[in-house]
Structure formats: structure tokens, C-alpha cells
Amino acid sequence: MLKKLLLVTAACVANPALQAEVQVNRAMLGMFQPLIDVADSPENPITEEKVDLGRMLYYDTRLSANRTVSCNTCHDLASFGDDGAPVSTGIHEQQGGRSAPTVYNAAIHIAQFWDGRAKDVEEQAIGPITNPIEMGMPSQGDVLGVLKSIPGYVERFAAAFPGEEESLTYENIGKAIGAFERKLMTPAPFDAFLKGHDDALTDEQKEGFNLFVATGCTTCHNGMGVGGHLYQKLGLVKEWPTEDLGRYEHTKNEADKYFFKVPSLRNVNETAPYLHDGSVETIEEIVSKMAGYQLGRTLSEEEVTKIVAFLDSLTGEIDEDFIAEPELPADGPETPKSVAQN
């Protein structure tokens, strides 16, 4: 069936007269799904209290050793969920080794981080806090000490995790931030198109979608996230120049060398630079290089332009009210102004 669809798509690209039929052929859209409103988790039921607490923690620089870095520093919600830098900057201006991926729609991915070392957004959220380069807290105990010294947080945790003997725990920090992130969804014109609204995409975007499928981009970029659902080798048909061993650094499995989580293409036109190391600056360049290195295909400038136009249909809406920076609980009398690193 897929081979037949690709042949039909290729014919469509070659013969514009056939495009109208393909544009309404819903069968070729079966490899995608419209974005959901909330990425629910049975392990972390979402409540308003958790979300409100998670939003506060997300923006709070007191989760870093010197009060300079928050989750939002590297995953700026006002800038499509990343920092626009090749690699992120942590406390004391230290540079990380990889580019910060967007947090928008991340909760629907197969795993978190480029190497998939965190199973979900809850686990991911608490990783950077004690990373010496990122937020730099010496230990989980130091993090809890800071939060327990802030009366407003003690009250918020008790409300968000009622009935628990100890509500302010390190795991619950991740659950609160995770609950907030599970609602960071950005519905886009492509979602309306998937639901049957043919006029949600322009003619150029439809042509770009045809090329996207015919070129083979859907080998990796499919599903609800148009990517984010599997791991793939960078440089599948042509070796990609990188010293980063990718998922191997987490699993130590030889077969995982140079494999990375396939990034979602949602909001991709707004999240340059690209790849794990931010080494590709423009969307046009990454489209052209991925066709060559991953699929062995050479795209013309016109074809790249059309695919980029389709990718723009994946640029979603940000709920400004939901991401509005909240008023944070005030320091308590014993709240430290900085936490010494080991």
C-alpha cells in the first residue's frame, strides 16, 4: 500500500493536473495523527494544582545553585520552547554538549533527550537540576532544602499531592513540571488538514507535502509528532561528520552508535539551529542535507522551498495565557541565596 501511495504521490508531483485528487486522498495521511490536547499519563494524573505548581517550578531560577538558570532558560516558552543556540548555557556560563530540543509537544515522544535516556517528561525535568553544567545543584537534598524553606511551596506541594505522607519530594518535582509540560501542545494548520479541512494548507504546502512523502521523509518523520517516535542513525546512507556517539553514550550498545531520537518537525521552522549539536543554521540547509545523508536523494532548490512551505504548516499556536510567567512564592527567612557546589 505504501509503495502504491508513493507512486501516486510521485506522479502527482510530476503532473500538476493530478494534484487535486491527491490533495484529498486521505489514505496517504494515515501515517500521521492529529495532535492531542493533553498527553495524559496514568502514572501522573493531571490536576490543576499540579499544573499550577509545575508552571512555577518551570520558571523558578531557585532550582539552580546560583539562582541564574530555570527550565525556561534553555526551553524558552515564548520562543517555541528552545533557546535558539547551538548548545545551551548553564550556570557560570558553562556550555553544554548538545542543543536543547523544544519542550513543546515533547510529552508525546518515545523518550526524552537526544539519546532517549529519560523515559518521559517527568524524568527529564529533574535531570538538569543536579547536572553540574546545567543548573548545578549539588544534590537532591539541596534542592528539597531550598523548596522546603519557601512556605508557599510547602503549601503548593501539599495541595498538588494530597494524602501523601511526604508531598515535597524530588520525584514530585518532576511530576509537577511534567503535568505542566503535558499540556504544552501546539495545534497547527496541518492538524486541521488531517481532520479533513482541505483549505487549511496552501497549494504550495500541499505540493510540499507530496514531495515530503515522495522523497521518503516519512521513513522517520511520521506519527503525531511528525517525528519523535523512533531512533535513527544520523548519516544513514552517507556518513555524517560528528564525534557525538549519540544513544551509544547511554546504552553502551555498539548498534546504537550515531543513533539519535528523531526530532519532531512540529514548529521546526521556528527552532533553528538544527541537529543535536546545532551545527546546521537554516531550515533549507537541513532539509537538503537530510535528503542527501539520510535518503540518498538530491533535491532542487525549488523542491526544498516547497518542502519548507509544508513544514511551515506544522508551526502551531502557543497558548499565551497558559505559558504566562506566574508570580512565584516568596523566599522564607531561611531560604539560601545560593547553594555551594561540591
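Things to note:
- Condition broken by Gly136, with the remaining ones in (1) surrounded by fewer than 19 Cβ atoms within 10 Å (Cβ to Cβ); (2) among the small types (Gly, Ala, Ser); (3) not in a helix (DSSP H, G or I) satisfied: (1)
- Residue in region 201-222 that is in contact with a helix residue (DSSP H, G or I) (Cβ under 9 Å, 6 or more places away or on another chain), within 19 Å of Lys119 (Cα to Cα), assigned to a loop (DSSP other than H, G, I, E, B) and modelled with pLDDT of 95 or more present: no
- Scanning region 290-342 for residues that are out of contact with any helix residue (DSSP H, G or I) (no Cβ under 9 Å at 6 or more places or on another chain) and assigned to a helix (DSSP H, G or I) gives Gly292, Tyr293, Glu302, Asp321.
- Among (1) touching a Ser or Thr at 6+ places or on another chain (Cβ under 8 Å); (2) among the hydrophobic types (A, V, I, L, M, F, W, C); (3) part of a loop (DSSP other than H, G, I, E, B) - the single one Trp240 does not satisfy: (1)
- Within region 76-89, residues that are not assigned by TED's automatic domain parsing to the domain that holds Ala272 sit with their Cβ atoms under 6 Å from residues that are part of a helix (DSSP H, G or I) and buried (at least 19 other Cβ atoms within 10 Å of the Cβ), at 6+ positions apart or across chains, in these pairs: Leu77/Ile323; Phe80/Glu270; Asp83/Cys74; Ser88/Cys74.
Quick grid of which residues meet (1) farther than 25 Å from Ser279 by Cβ; (2) without any contact (Cβ under 8 Å) to a residue 12 or more places away in the chain; (3) polar (S, T, N, Q):
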| position | (1), (2), (3) |
| --- | --- |
| Arg297 | no, no, no |
| Val308 | no, no, no |
| Asp312 | no, no, no |
| Ile318 | yes, no, no |
| Glu325 | yes, no, no |
| Ser338 | yes, no, yes |
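- Helices (runs of 4 or more DSSP H) (entirely within region 1-60) containing at least 3 residues that are at pLDDT 50 or above and within 20 Å of the chain's Cα centre (by Cα): 48-59
- Hits in region 179-215 - residues which are of a type in the set (Gly, Ala, Ser) and either over 22 Å from the mean Cα position of the chain (by Cα) or crowded, with 18+ Cβ neighbours inside 10 Å (or both): Ala179, Ala188, Gly196, Ala200, Gly208, Ala214
- Residue in region 311-325 that is under 26 Å from Leu194 (Cα atoms), of a type in the set (Phe, Trp, Tyr), over 15 Å from the mean Cα position of the chain (by Cα) and surrounded by 20 or more Cβ atoms within 10 Å (Cβ to Cβ) present: no
- Residue identified as more than 24 Å from Asp76 (Cα to Cα) and assigned by TED's automatic domain parsing to the domain that holds Asp76 among Gly141, Gly127, Gly196: Gly141
The values are calculated or read from the model by the stated rules, or taken from the named source; none is laboratory data. Since we're looking at a predicted model, the values are computed, not measured. Note that each Cβ is placed from the backbone with ideal geometry, even for glycine, and that neighbours are counted across all protein chains shown.
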